[in-house]
Amino acid sequence: MTPLERNDRLIRIGLLMIALSAISILAIITVFIFEQGTPIMFKYGLKSFLLGRDWYPTEQSFGLLPMIVGSLMVTAGALIIGVPLGLASAIFLTEFSHRRLTRILKPVIELLAGIPSVVYGFIGLMFLVPFIRENFGGPGLSVLAASIILGIMILPTVISIAIDSIRAVPDSYREGSIALGATKWQTVRLVVLPAARSGIVAGIILGMGRAIGETMAVIMVAGNAANIPDSILAPVRTLTSNIALEMAYAGGEHREALFATGVILFIIIMILNTLANVTTARQRRK
């Protein structure tokens, strides 16, 4: 074996060890969460955890339904706000704007992903919450406030992946459509977007995973009431907020119940990531 071949082999082994270490860390985290969280779920029953409405750890009542509903409402609101805005931005930057403008705006949009979530939460607490309270009623700390903040936070993910998916559509599709007499907007709506659909859906799913897993910004603007919200102006507590707010002082079954909350959240995130991978693979095959 020559020195060059020996070096290549050492590099391959080193890269393999790094990859295996990342997988091992994920496996350890998964095993730890499930080991800590599943016993209490079996003890009290999965039904009581998923469908119970009362969260009173001191009375051994661990109903997660308000937090599950709250997470889904906030995430749905974020998608309603973020997806149309993100998709419209991606279409403009790829199909209608000047390339020089795109080179300026795209890095600025991607910079939003690097802003700490606590900054988004602080801005929401100082400006958005008072605005909602004064103009729409309620305490201001609400589903609506959390949805708006998360809708802004998922924009970089949705826009970046949508731009890449739209750019991946061959120019021959556009040229053929225009040659047949279609307008620029008809070409985008009827040809480009359907061809990029799988990639756009993957970006939306990843944005959904970002929204449902966000903690700090949601804690600051959502109100954190462990009740099923009856409107978008009502306070809400999400699964991630529930863990972050109570883990510091929890003990015994209370602590185990918070790990069970993590198990449920982990399963939801894994489902979303699996859907994203499937849609991305479908886009590659096309």
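The set of residues in the range 244-264 being without any contact (Cβ under 8 Å) to a residue 60 or more places away in the chain and either touching a Ser or Thr at 6+ places or on another chain (Cβ under 7 Å) or assigned by TED's automatic domain parsing to the domain that holds Gln36 (or both) consists of Ala244 alone. Restricting the range 240-278 to residues that are in a loop (DSSP other than H, G, I, E, B) and hydrophobic (A, V, I, L, M, F, W, C), the residue that is nearest to the chain's Cα centre (by Cα) is Met247. The set of residues in the range 49-64 being part of a loop (DSSP other than H, G, I, E, B) and of a type outside the set (S, T, N, Q) consists of Gly52, Arg53, Asp54, Gly63, Leu64.
Consider Ala168 carefully, then state whether it is under 27 Å from the mean Cα position of the chain (by Cα) and surrounded by 23 or more Cβ atoms within 10 Å (Cβ to Cβ). No: the conditions fail for Ala168.
Okay, residues lined up against (1) loosely packed, with under 13 Cβ neighbours inside 10 Å; (2) within 23 Å of the chain's Cα centre (by Cα); (3) under 29 Å from Leu206 (Cα atoms):
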{"residue": "Thr2", "(1), (2), (3)": "yes, no, no"}
{"residue": "Asn7", "(1), (2), (3)": "yes, no, no"}
{"residue": "Leu16", "(1), (2), (3)": "yes, no, yes"}
{"residue": "Met41", "(1), (2), (3)": "no, no, yes"}
{"residue": "Ser48", "(1), (2), (3)": "no, no, no"}
{"residue": "Ser61", "(1), (2), (3)": "no, no, no"}
{"residue": "Ile68", "(1), (2), (3)": "no, yes, yes"}
{"residue": "Leu72", "(1), (2), (3)": "no, yes, yes"}
{"residue": "Thr75", "(1), (2), (3)": "no, yes, yes"}
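Residue-wise test of (1) among the aromatic types (Phe, Trp, Tyr); (2) over 24 Å from Ala226 (Cα atoms).
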| residue | (1), (2) |
| --- | --- |
| Ser48 | no, no |
| Arg53 | no, no |
| Leu101 | no, yes |
| Leu111 | no, yes |
| Gly114 | no, yes |
| Phe122 | yes, no |
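Farther than 30 Å from Ala225 by Cβ and surrounded by 13 or more Cβ atoms within 10 Å (Cβ to Cβ) - does that describe any residue in the range 20-28? No: the range 20-28 contains no residue that is farther than 30 Å from Ala225 by Cβ and surrounded by 13 or more Cβ atoms within 10 Å (Cβ to Cβ).
Restricting to the range 211-239, name every residue that is in a helix (DSSP H, G or I) and either at pLDDT 90 or above or crowded, with 20+ Cβ neighbours inside 10 Å (or both). Of everything in the range 211-239, those that are in a helix (DSSP H, G or I) and either at pLDDT 90 or above or crowded, with 20+ Cβ neighbours inside 10 Å (or both) turn out to be Ala211, Ile212, Ala217, Val218, Ile219, Met220, Val221, Ala222, Leu239.
The values are calculated or read from the model by the stated rules, or taken from the named source; none is laboratory data. It should be emphasised that the depicted structure is a prediction, and the values quoted were computed from it without experimental measurement. Please note: Cβ atoms are built from the backbone with ideal geometry, for glycine as well, and neighbour counts cover all protein chains shown.
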